[in-house]
Amino acid sequence: MRKQWTKEELIAFENEIGDLYMDNKLPFLFHLSGGNEDQLIDIFKNIKEGDYVISNHRNHYHALLHGVSPEELKEKILNGRSMFIYDRKKNFFCSAIIGGTPAIAAGIALALKKKKSKQKVWCFVGDANEDSGHLFEAVRYVDGLGLPCTFIIENNNRSVEASNEERWGNMADYKWDSPSVIKYNYDIPYPHARKPGMIDLSKAIKKTDEEYFPLLKKQIFPSFKELEGSDITYKDAVIQSMTELGEKGAVFLGYNVKRGDAMGTLKDVPNEQKIETPVAENLMSGLAIGMSFEGFIPVIYFERHDFMLVAADAICNHMDKIERISHGEYRVPVIIRAVSADAGPFYSGPTHSQDFTKSFKVLVDFPVFDPVTGVDVLKAFKTAQLSNGPVMIVERKSRY
Ligand SMILES: Cc1ncc(C[n+]2csc(CCOP(=O)(O)OP(=O)(O)O)c2C)c(N)n1
């Protein structure tokens with residue numbers, strides 16, 4: 001049973017965190033909650049244990065109300081993880097990247113609906129997240145597909161220091177016409193981050209980044225020597241790999257995955273496993289992340305590298321980091337098909353035929369494969385099937 005928190009207890013928890021800061025025990029960024037106790041206690045009456053709660057940088061109250069124990073939360077906060085509170089067993093997840101969570105929430109909800117689960121997703125966002133188009137994409141998707149997801153906009157009329165009026169002029173008080181959005185207003189008694197006053201850093205213990213967030217162990221993969229010697233063509237190897245992934249139950253997300261079968265490469269995959277998405281690369285990537293939390297094997301199809309830049313936040317800040325920042329609680333086994341339209345009738349100039357392989361190899365820690373032959377393609381997708389985390393497989397039209 002989740003503890004039922006009173007307003008006074010919630011306030012006392014944050015007061016203690018504030019005192020620990022003044023006592024030089026928290027030499028890193030944290031954000032205190034306050035002023036919205038009544039609203040949250042009310043909202044959490046509708047949130048069931050087992051539902052997903054997706055939070056953000058200001059997550060202490062959400063975590064407590066969803067059953068994260070105060071001792072565990074305090075211990076995490078004292079270890080530099082105030083913005084990184086995760087609890088896989090309680091389905092508590094957060095991201096401190098503004099705009100990053102709504103698509104992930106929608107993805108979890110899509111997975112829950114496909115599984116006919118009774119669970120729901122509750123995604124808490126601040127009014128700065130409301131600033132971003134990413135929330136709009138996710139709300140429109142959730143409404144369109146009738147997904148079990150509610151977005152709660154917690155409006156304290158402040159993004160760091162700037163008010164909604166300063167940011168949006170006459171559109172400051174945006175009204176949502178959506179059954180999946182709840183918006184409430186509140187005043188917060190704390191500054192944006194920390195408490196007023198700067199601590200004496202000479203008295204604070206500061207660990208290294210890697211001590212706070214240990215690097216992931218690299219997974220070792222087999223070499224698949226048995227595949228060598230085959231003369232399968234590059235394109236046939238892509239088709240064969242997709243068929244095999246389809247047989248394993250993978251879902252294929254992107255635009256033109258049903259219509260056109262992703263240029264014919266999904267022709268042998270059952271239609272029910274293809275998810276035609278809006279042309280919203282951040283959304284489709286977030287959907288894949290969310291679905292992977294519920295045990296799906298999502299394969300995202302980017303028909304050109306150029307368009308992946310729109311999904312860079314989902315790929316570099318989320319897929320690549322979630323396992324590390326959650327200390328292994330959440331994993332993201334997503335497969336990215338990164339097509340480079342670099343030749344032949346696909347070639348279409350500097351904004352449509354770029355190759356970002358080198359850049360992604362620098363930006364992410366997960367494997368980025370650039371197969372040259374058909375056998376390399378088979379090996380890359382076999383490896384991806386075994387991976388606990390994301391894998392990007394570059395697919396060049398020049399090698400088709
Ligand atoms: C993409 C991105 N841009 C900027 C920031 C820096 N940042 C952190 S919190 C914040 C404002 C958040 O305001 P709001 O969503 O209203 O939540 P509140 O802090 O008021 O609870 C900003 C701009 C960020 N974390 N992510």
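No value in this document is a laboratory result; all are computed from the given coordinates. Everything numeric here is computed off the predicted structure, so don't read it as measured data. FYI the Cβ positions are ideal-geometry reconstructions off the backbone, even for glycines, and counts take in every protein chain you see.
Summary table
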quantity: With eigenvalues of the C-alpha gyration tensor scaled by 5 and rooted, segment 57-125, Å; calculated: 23, 14, 9
quantity: For segment 266-307 versus segment 324-399, the gap between their alpha-carbon centres in whole angstrom; calculated: 14
quantity: Mean Cβ count within 10 Å, highest first, over the residues of peptides 134-146, 6-18, 207-219; calculated: 134-146, 6-18, 207-219
quantity: Degrees separating the helix 7-22 axis from the principal Cα axis of the chain, which is the longest one; calculated: 80
quantity: Fluctuation leader among Glu294, Glu272, Glu329 - the chain, Gaussian network, Cα springs under 10 angstrom; calculated: Glu272
quantity: Using θ = phi - 60° and Karplus 6.51 cos²θ - 1.76 cosθ + 1.60, couplings along segment 350-361 (whole Hz; Gly, Pro as x); calculated: x, 9, 10, 9, 6, 10, 9, 3, 4, 5, 5, 4
quantity: Residue order, fewest to most surrounding Cβ atoms within 10 angstrom, among Ser178, Ser285, Ser82; calculated: Ser178, Ser82, Ser285
quantity: Three-way shape call for the chain based on the alpha-carbon gyration tensor, with the a/c threshold at 1.5; calculated: prolate
quantity: Residue order, fewest to most beta carbons within 10 Å, for Thr101, Thr233, Thr265; calculated: Thr233, Thr265, Thr101
quantity: For Asn56, residues with placed amide H under 5 Å, excluding near neighbours; calculated: Ser95
quantity: Interchain or long-range residues, amide H under 5 Å from Cys149's placed H; calculated: Val121
quantity: Within the chain: Cβ-based charge dipole about Cα centre, in debye rounded to nearest 20 (Lys, Arg +1; Asp, Glu -1); calculated: 920
quantity: Size of electric dipole in segment 7-211: Cβ of Lys, Arg +1 and of Asp, Glu -1, about Cα centre, debye, nearest 20; calculated: 980
quantity: Given Lys113/Lys218; Lys89/Lys321; Lys116/Lys248; Lys120/Lys195; Lys116/Lys235; Lys74/Lys361, the pairs whose alpha carbons are separated by over 29 Å; calculated: Lys113/Lys218; Lys120/Lys195; Lys116/Lys235; Lys74/Lys361
quantity: Segment 225-399 - charge dipole about Cα centre, Lys and Arg +1 at Cβ, Asp and Glu -1, debye rounded to 20; calculated: 140
quantity: Order of Ile325, Ile232, Ile205, Ile336 - criterion: other Cβ atoms within 10 Å of each residue's Cβ, fewest first; calculated: Ile205, Ile232, Ile325, Ile336
quantity: Cα centroid separation, segment 216-255 to segment 68-127 (Å); calculated: 31
quantity: Selection from Met1, Asn156, Leu32 lying farthest towards where the dipole of the chain points positive, charges on Cβ; calculated: Met1
quantity: Residue among Phe221, Phe252, Phe93 with the largest mean-square fluctuation in a Gaussian network model of the chain, springs linking Cα atoms under 10 Å; calculated: Phe221
quantity: Under Karplus coefficients 6.51, -1.76 and 1.60, residue-wise ³J(HN,Hα) of segment 120-137 in Hz, glycine/proline x; calculated: 10, 10, 10, 10, 8, 10, x, 6, 6, 5, 4, 5, 9, x, 4, 5, 4, 4
quantity: Charge context of Ser348, other residues only, Cβ under 15 angstrom, K/R +1, D/E -1; calculated: -1
quantity: Degrees, to the nearest 10: 281-293 long Cα axis against longest axis of the chain; calculated: 80
